[in-house]
Amino acid sequence: MELAQALWPGSTPLMVPGLGERRMLLTNNKDCDEVDTERELSQRLENKVLLLYFGSGECMQCRKFSPVLKDFFVRLTDEFYVDRASQLAVVYVSQDETEEKQEKFLKTMPKRWLFLPFQDKFKRELELRFAVSHTPAVVVLKPNGEVISGNAVEEIRCLGTACFGNWKEAAELIDRSFLLAEDFDNLAKRSIMDPIRCLKYKLDKKKRKKEAKEEVLSPDIEL
């Protein structure tokens, strides 16, 4: 939880002093699942290199760089390219003018990315904390919240996926070679919504409706 505490300091890893608001991240999938508990955040960020991507779908330089970052992330985490996903997470810190433009941009990016809600003022806190003065900017952080790179845009452009090896060494990550790519996905999915639990809930709900309907159609008859 060191990284979460570094980014969301306070009485809990998801509280920011002075703002008095509960912080949450959203998953870039169809349902925009919320990651707003200590356990969920820990499973998403623990023992990983974290990239904070400050960008915008309207910024010309961002439009050129975003596909590069997307390819970079996919090649390191997708089982099509690797046997096991690299210990890497991306949080998009939107600089978009409107929520609609943010949504439009995120639809073109990986579903495993995380992002802050559009109205969250914490985006400005992160800009100030990491001295982000222009976009695109990619801040690379160790699991303990220390900065590896204040802006790795050019590094990613020039070195591609090779630069992750440098970050991993600098971050002193614990190797998870015993886990396959899908194992990482399963950990993340369980932290958001357990598919089996959801299915059981739906089946139980249908069962209750069926039983209620049968009681109406066939009421008990006293002899």
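Go ahead and collect, in residue order, the members of the stretch 86-126 whose backbone nitrogen is under 14 Å from a label point 7 Å along the Cα-Cβ direction of ASN29. Residues 110-115 qualify, since their backbone N sits under 14 Å from the label point.
Using a probe radius of 1.4 angstrom, the carbon and sulfur fraction of the accessible surface of the stretch 60-102 is 47%.
Just the number, please: carbon plus sulfur as a percent of the accessible area of the stretch 109-168, 1.4 Å probe, no ligands or DNA/RNA counted. So the carbon and sulfur contribution to the accessible surface is 52 percent. Both radii come from the Cα set of the stretch 85-167: Rg as radius of gyration, Rh as Kirkwood radius; their ratio Rg/Rh reads 0.95. Annotation: extensible slack from HIS134 through ASP78 equals 17.2 nm (criterion: 0.36 nm per residue apart, minus Cα-Cα distance). The amide H of GLY55, built 1.01 Å from its N in the peptide plane, has VAL93, GLN95 as neighbours under 5 Å, considering only residues 5 or more places off or on other chains.
Stretching the chain fully between ALA170 and GLU100 yields a gain of 21.5 nm (0.36 nm per residue, less the alpha carbon separation).
The values are calculated or read from the model by the stated rules, or taken from the named source; none is laboratory data. Note that this is a predicted model, so its numbers are computed, not measured. Glycine gets a Cβ as well: all are built from the backbone with ideal geometry, and neighbour counts include every protein chain shown. When the accessible area is computed, the model is the full protein with side chains, heavy atoms only, and any ligands, DNA or RNA have been set aside. Shrake-Rupley method; radii C 1.70, N 1.55, O 1.52, S 1.80 Å.
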